[in-house]
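Visitor: Once you've had a glance at the structure underneath, I'll fire off some questions.
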Amino acid sequence: MRSLRSKLILAFLVVSLIVLAMVVAFARWSTSTEFRQYVLDRNQENFVSSLGNYYSQEKSWRGVGQVIPRGPMPFGMMSPQAMPAGEIVLVDADFNILIGGRGTRPGQRISHEQLRDALPVEVDGAIVGFVLLRRDAFREQPNEAAFLQRLTQSLLLGSLAVIALALILGLILARSLTNPLRQLTSATRRVAAGDLEFKLDISSQDELGELAQSFNMMNQRLAQLRDDRRQMTADIAHELRTPVSVILGYADGLKEKVIHPSQETFDLIQEQAEQLEHLIEDLRILTQAEAGELSIDIAATDPLPLVERAMAAFEHQAARQGITLTVAPESESPAIMVDPDRFRQVLANLISNALQNTPSGGQITTRVTSDEKRVLISVIDTGPGIPPENIDRIFQRFFRLDPSRSRDTGGSGLGLSIARSLVERQGGQIEVESELGQGACFTISFPRQTPS
């Protein structure tokens, strides 16, 4: 049995049979017990009433021992159905045994303890005797046995009806459970075949509905990753094409002796090779950082010295571009948990990006601030700013505000992506704020390291 639907239906059937068997057995036992108790109470009441009628008719118990064993009492005082089949003990009001039984004989006196379960016989409000009967003193009448048999048949018929209803409900429930699962199975096969545009349409609000929503989100994410991978492959091919084409062009020119060997030619080839090496290294770092495989050595670090050294490394380039570099620390510089080398790399990428987008005569300021929970390092430039529609794309791989820029003026387009991956890998966050014509502010934040 491989079908989940068949297994569910069988499970409903087995559970229904077990529950019904227990319910029917309990109902049969409970009903029979209560019915027999009712019959016993009725017969006892009739028998005691008949004894009272006998005493009222005869004005004494004289002759009662000869009447009871022979069957119906005279004058219609007792019906055959009310006559006990087993032994009885009849005691008068003075506790003398009139009819013996249970190891007693007529003429004996009986104790109050022995009369604990006795039924009193009353005439005109006075107790004239007591009678002791066993629970099985009265035979089961044919109509009573027939009633119990009809009751059992009714329970069995009701059980069959409930089983049939359980099967129908089991079929409906099994279908409601297995149909979404079949859709999920079909959907996973389509995804495995490469159809990432498929969307499940399961409207239920239960766990299966949540599973379908999760599947759709997963499929959407896979499609996005596929598109990103394709775009990244195209971007890498585009970025590699330029330096490789330049190197191959010079190599062919030198081979064909169209270009004469010179120091300037070799410098150009070396420059393109270095750009190619730099791009490959950026891709390696970005891939390792996003995969969580980049080596990170976290330690409590004072960020201010790292900021000052990072700014000092770009002083010569800034001076050539006519840009002023400024460090603006606050009075206190709390420690943060970072890898110093990777932190310097993040700062270098942010400062380099600021230099690329700040015109001559502009200013780049690195500010270090803190609050009760975080330490913030901001790199602020006075460039043209970032258009609002590009704010969310600024950290994407190979993204440039000005697509017309070449690698010589616009970089590889990986610096901000690397910065974000390295910051997040070290437990920090990076954000950007900008207004057109007002420059941009990139802020990285790390949890403040409290003294131990």
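Visitor: If each residue of separation counts as 0.36 nm, what is the full-extension length gain between Ile127 and Lys199 once their alpha-carbon separation is subtracted? It would help to have the intermediate numbers written out before the result.
Guide: Working: separation 72, 0.36 × 72 = 25.92 nm, distance 8.83 nm.
Length gained between Ile127 and Lys199: 17.1 nm.
Visitor: Then there's this: Taking only the alpha-carbon atoms of the range 252-384, what semi-axes of the equivalent ellipsoid follow from 5 times the gyration tensor eigenvalues under a square root, in whole Å, largest first? Kindly include the intermediate steps, with their values, before the conclusion.
Guide: Working: eigenvalues 259, 93, 25 Å².
Computed over the range 252-384, the values are 36, 22, 11 Å.
Visitor: Turning to a different aspect of this structure: Over the residues of the range 309-348, compute the C-alpha Rg and express it relative to 2.2 N^0.38 Å. Mind dumping the intermediate values first?
Guide: Working: Rg = 12.5 Å, N = 40, 2.2 N^0.38 = 8.9 Å.
Here the Cα radius of gyration is 1.40 times the empirical estimate.
Visitor: Once the Cβ-Cβ distance between Gln449 and Arg309 is put in as r, and R0 is 22 Å, what FRET efficiency do you end up with, to the nearest 0.05?
Guide: Numbers: r = 20 Å, r/R0 = 0.90.
About 0.65, to the nearest 0.05.
Visitor: What are the extents of the Cα atoms of the range 1-50 along their three principal axes, listed from largest to smallest and rounded to whole Å?
Guide: 70, 8, 8
Visitor: Further, regarding this structure: Based on the Cα coordinates of the range 309-398, what is the per residue volume of their convex hull in Å³? Let's see the in-between values first.
Guide: On the way: hull volume 11.6 nm³, N = 90.
Convex hull volume per residue, Cα atoms: 128 Å³.
Visitor: Shifting gears a bit: When the chain is fully extended, how far beyond the present Cα-Cα distance does Leu157 get from Asn216, taking 0.36 nm per residue of separation? Let's see the in-between values first.
Guide: Working: separation 59, 0.36 × 59 = 21.24 nm, distance 4.83 nm.
Between Leu157 and Asn216, full extension yields 16.4 nm more.
Visitor: Name the residues whose placed amide hydrogens come within less than 5 Å of the amide hydrogen of Gly383, ignoring near sequence neighbours (fewer than 5 apart) on the same chain.
Guide: Gly439, Ala440
Visitor: At 1.4 Å probe size, with no ligands or nucleic acids counted, give the accessible surface of His112 in Å², nearest ten.
Guide: 130 Å²
Visitor: Right, something else. Expressed as a whole percent, how much of the Cα-Cα distance distribution for the chain exceeds 38 Å?
Guide: 62 percent
Visitor: Mind checking Rg over Rh on the range 88-179, alpha carbons, Kirkwood formula for Rh?
Guide: A ratio of 1.49.
Visitor: Kindly write out, for the range 312-328 in residue order, the coupling ³J(HN,Hα) from the Karplus curve 6.51 cos²θ - 1.76 cosθ + 1.60 (θ = phi - 60°), rounded to whole Hz, with x marking Gly and Pro.
Guide: Ordered by residue, 3J(HN,Hα) equals 4, 5, 9, 4, 5, 5, 5, 5, 5, 8, x, 10, 9, 9, 9, 10, 10 Hz.
Visitor: Between the helical axis of 4-58 and the dominant principal axis of the chain, each derived from Cα atoms, what acute angle in degrees is found, rounded to the nearest 10?
Guide: Between the helix axis and the principal axis of the chain, the angle is about 20 degrees.
Visitor: On to the next question. Quickly estimate the mean residue ellipticity at 222 nm for the chain, helices only: each DSSP H run with n ≥ 4 gives -39500 (n - 2.57), and the total goes over all residues, rounded to 500. Could you put the intermediate results ahead of the total?
Guide: Working: 10 runs with 239 residues, N = 452.
Counting only the DSSP helices, I get -18500 deg cm²/dmol.
Visitor: By how many nm would the segment from Leu254 to Gln288 lengthen if fully extended, with 0.36 nm per residue of separation less the alpha-carbon distance?
Guide: Details: separation 34, 0.36 × 34 = 12.24 nm, distance 3.78 nm.
Working it through step by step, the gained length comes to 8.5 nm.
Visitor: Tell me the per residue accessible area of the chain using a 1.4 Å probe; a whole number in Å² is fine.
Guide: On the way: 26960 Å² over 452 residues.
Using a 1.4 Å probe on heavy atoms only, each residue of the chain averages 60 Å².
Visitor: Given H placed 1.01 Å from N in the peptide plane, which residues other than close sequence neighbours of Ala335 have an amide H under 5 Å from its amide H?
Guide: For Ala335, the qualifying residues are Gln449.
Visitor: With the contact rule set at Cα under 8 Å and sequence spacing of 6 or more, what percent relative contact order holds for the range 158-217? All intermediate terms of the calculation are to be shown ahead of the outcome.
Guide: Numbers: 20 pairs, mean separation 13.8, N = 60.
Once normalised by length, the contact order is 23 percent.
Visitor: Sticking with the crude label model, points 7 Å out along Cα→Cβ, report the distance from Arg229 to Leu165 in nm, one decimal please.
Guide: Each label point is offset 7 Å from its Cα along the Cβ direction, giving 5.5 nm.
Visitor: Mean shadow of the range 328-367, computed from the convex hull of its alpha carbons, in nm²? Write out the running numbers ahead of the final one.
Guide: Numbers: hull surface 14.1 nm².
The number I arrive at for the range 328-367 is 3.5 nm².
The values are calculated or read from the model by the stated rules, or taken from the named source; none is laboratory data. These numbers were taken from a predicted model, which means no experiment stands behind them. As a convention, Cβ positions derive from the backbone with ideal geometry for all residues, glycine included, and neighbour counts pool all protein chains shown. Keep in mind that these areas ignore ligands, DNA and RNA; they rest on the heavy atoms of the full protein, side chains included. Shrake-Rupley method; radii C 1.70, N 1.55, O 1.52, S 1.80 Å.
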